[in-house]
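All remarks here apply to the structure that follows.
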Amino acid sequence: MERFELRGLKPLPTEVATICAFLTDQAHELCLSRMRRWLYAVRKIHRLLRLPDPTANDDIAIVLRRARRGRLCRPKQAKGNDA
């Protein structure tokens, strides 16, 4: 929690702007599936603590869409085994 306090952020409930900033910052390092898993974890924590869900915001969907479109190449389909 010390890192949040140093930046002037509250860890819970997480604000939409904080999530958007994190996803934008990590878009070049994390793959999209990992970003989605991180969002699901944030959503689950908020639901368990009965806090409002910040991940249902349209701004987060826009940030994910930008991250997906910012990729230079699309993932390739794995080839099946020839039998």
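The values are calculated or read from the model by the stated rules, or taken from the named source; none is laboratory data. Computed from a predicted structure; not experimentally measured. All Cβ positions, even for glycine, are placed from backbone atoms using ideal geometry, and neighbour counts span all protein chains on display. Protein only, heavy atoms only, side chains kept; ligands, DNA and RNA dropped before computing areas. Shrake-Rupley method; radii C 1.70, N 1.55, O 1.52, S 1.80 Å.
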key: Residue list for segment 23-67, restricted to those being open to solvent by less than 70 Å² (accessible area, probe 1.4 Å), touching a Cys at 6+ places or on another chain (Cβ under 7 Å) and farther than 18 Å from L12 by Cβ   = V63
key: Conditions (1) under 19 Å from C20 (Cβ atoms); (2) modelled with pLDDT of 90 or more: number failed by R71   = (2)
